[in-house]
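Trainee: One structure coming up, written as structure tokens, with questions to follow.
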Amino acid sequence: MTQTRVYASKDSDMLMASKVIATSLSNQLPDLSMVRSNWTPEYAQALHTKIDTAMEDYLGLDKKKALRDATAALTEIQAPALQALQFLKTQIEVDFGKDANEIVKTLGYDKYLKAARAGDQEALIQLLFAFKKGMTNALKDDMVAQGTNPALIDNIIGYATQLSDANLAQESLKSTTKSVSEAAVAALNEIYNEIIGICKIASAYYQHDEILKAQFTFSRVVANMNAGGKKTQEPEEPVE
């Protein structure tokens with residue numbers, strides 16, 4: 001059977017047209033079941049259920065909302081983490097004079113701060129983990145003795161895990177969103193191909209009845225749905 005190409009922006013129209021054709025099939029079962037033994041009331045009901053489920057699962061939900069939320073959470077962590085890192089760096093430079101450069105280097109500022117300031121998430125994560133690794137108890141005690149609030153140091157160390165977890169969640173959702181999209185394409189194509197097959201057989205059966213034939217001609221159904229507006233591009237129907 002000819003494979004139907006899914007046009008993402010048209011899926012709502014395509015499914016609605018499929019629903020209309022499935023209804024026509026149900027209405028004409030007394031005739032069509034005589035020429036197609038598996039077109040039973042149970043089959044027609046299952047087809048309706050399949051279409052309704054696809055509408056609910058793939059067209060009624062904002063599948064990218066979770067990804068947007070994860071990205072927003074990641075962004076919310078980035079700003080305060082970077083601000084805290086830069087603020088502490090200033091205190092180190094004020095408090096430790098000529099020794100400040102070595103401390104800054106030990107904490108990873110020299111390698112990652114510039115890129116982190118430019119918005120590089122990975123660089124910020126690397127900086128936070130370098131900071132966490134380089135912040136020994138002895139160094140922390142020295143900084144606190146100079147006047148740094150220990151809570152600031154602890155917060156920065158905590159950001160390392162928070163930002164890493166948020167980044168992993170974002171990447172995982174990117175993969176999941178792609179999988180859901182692929183699942184939607186597969187499910188919708190399965191419905192479209194099934195409906196196109198029904199159209200081919202039923203329209204051939206009703207070839208001498210233009211009214212009933214039109215009910216099983218996908219392009220005609222879509223055109224009727226879009227009457228008075230711009231015609232939706234429909235899946236290609238098999239050639240007789």
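The values are calculated or read from the model by the stated rules, or taken from the named source; none is laboratory data. Remember, predicted model here, so these are calculated numbers, not experimental data. A quick note on method: Cβ atoms are made from the backbone with ideal geometry, for glycine too, and the neighbour counts reach across all protein chains shown. The protein model used for the area step is the full one, side chains on, heavy atoms only, and it has no ligands, DNA or RNA in it. Shrake-Rupley method; radii C 1.70, N 1.55, O 1.52, S 1.80 Å.
Trainee: If you go through the range 103-143, how many residues are closer than 15 Å to A84 by Cα and of a type in the set (V, I, T)?
Mentor: The qualifying residues number 2.
Trainee: Ok, one more. I'd like the residue in the range 105-128 that is in a helix (DSSP H, G or I) and open to solvent by less than 20 Å² (accessible area, probe 1.4 Å) and, out of all such residues, is farthest from A166 (Cα to Cα). Give the derivation first.
Mentor: Taking the range 105-128 as the starting set, the residues that turn out to be in a helix (DSSP H, G or I) are 105-106, 109-117, 121-128.
Next, from what is left, pick out any that are open to solvent by less than 20 Å² (accessible area, probe 1.4 Å): 109, 113, 116, 123-125, 127-128.
Working: Y109: 22, L113: 20, A116: 16, A123: 14, L124: 13, I125: 10, L127: 16, L128: 14 Å.
Looking at the filtered set, the residue picked out is Y109.
Trainee: I would also like to ask the following. Checking the structure you have, find out if any residue of the range 17-36 is under 21 Å from the mean Cα position of the chain (by Cα), modelled with pLDDT under 90 and open to solvent by less than 50 Å² (accessible area, probe 1.4 Å). So that I can check it myself, show each step before the final result.
Mentor: At the first step, the residues of the range 17-36 found to be under 21 Å from the mean Cα position of the chain (by Cα) are none.
Among the residues of the range 17-36, not one is under 21 Å from the mean Cα position of the chain (by Cα), modelled with pLDDT under 90 and open to solvent by less than 50 Å² (accessible area, probe 1.4 Å), which makes the answer no.
Trainee: So E190 fits all but one of (1) open to solvent by 60 Å² or more (accessible area, probe 1.4 Å); (2) at pLDDT below 95; (3) closer than 27 Å to A84 by Cβ; what number is the exception?
Mentor: (3)
Trainee: Is one or more of the residues making up the range 38-61 touching a Phe, Trp or Tyr at 6+ places or on another chain (Cβ under 9 Å), open to solvent by less than 50 Å² (accessible area, probe 1.4 Å), over 30 Å from A116 (Cα atoms) and at pLDDT 85 or above? Lay out the reasoning, then the answer.
Mentor: Quick first cut of the range 38-61, residues touching a Phe, Trp or Tyr at 6+ places or on another chain (Cβ under 9 Å) only: none.
There is no residue in the range 38-61 that is touching a Phe, Trp or Tyr at 6+ places or on another chain (Cβ under 9 Å), open to solvent by less than 50 Å² (accessible area, probe 1.4 Å), over 30 Å from A116 (Cα atoms) and at pLDDT 85 or above.
Trainee: Answer yes or no as to whether A160 is at pLDDT below 90 and surrounded by 13 or more Cβ atoms within 10 Å (Cβ to Cβ).
Mentor: Values: at pLDDT below 90: yes; surrounded by 13 or more Cβ atoms within 10 Å (Cβ to Cβ): yes.
Yes, satisfied.
Trainee: Check Q78, Q91, Q83 and return the single one that is in a helix (DSSP H, G or I) and either of a type in the set (S, T, Y) or free of Cβ contacts under 8 Å to residues at least 12 places away in the same chain (or both).
Mentor: The unique qualifying residue is Q83.
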